[in-house]
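Quick note: the coordinates plus some simple rules give every number you see, no bench work behind them. On a predicted model such as this, the values are computed, not experimentally measured, just so you know. Cβ sites come from the backbone with ideal geometry, for glycine too, and all protein chains shown count toward neighbours.
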Amino acid sequence: MAYHGTICSVCDSDLEEFYGPVAYGFIHVHHSKPLSEIGERYTVNPETDLMPVCPNCHAMLHRTQPPLTTEQLRELIQEAHR
């Protein structure tokens with residue numbers, strides 16, 4: 001979070017703007033490489049392996065197997081709003 005902040009990397013939501021102070025600093029973290037594929041020796045790089053996502057986007061990322069990428073979900077949102 002120190003690197004990416006707390007704005008959703010898919011839909012650009014700032015949960016504090018929507019919910020008020022109760023949501024200050026709240027965000028989910030999505031692993032770009034599924035945890036099931038990461039071995040014990042794998043070192044997570046927060047800058048490249050972890051992305052802040054709102055709870056709704058996080059759930060949608062995991063609706064498919066393998067999970068969607070944040071870029072794919074962003075494209076689906078844009079297509080849905082055309």
Q: Identify all residues within the stretch 46-82 that are touching a Cys at 6+ places or on another chain (Cβ under 8 Å), closer than 15 Å to H31 by Cβ and not β-branched (V, I, T); write none if there are none.
A: P52, C57, L73
**Q.** Where a residue in the stretch 46-60 is part of a helix (DSSP H, G or I) and its partner, wherever it lies, is among the aliphatic types (A, V, I, L, M), with Cβ under 6 Å and at least six apart
**A.** C57/V10; M60/L73
Q.
Of the residues S13, S9, only one is at negative phi, within 9 Å of the chain's Cα centre (by Cα) and not in a helix (DSSP H, G or I); which?
A. S9
Q. For the subset of the stretch 3-41 comprising residues that are among the hydrophobic types (A, V, I, L, M, F, W, C) and touching a residue at least 12 places away in the same chain (Cβ under 8 Å), which member is surrounded by the most Cβ atoms within 10 Å (Cβ to Cβ)?
A. V10
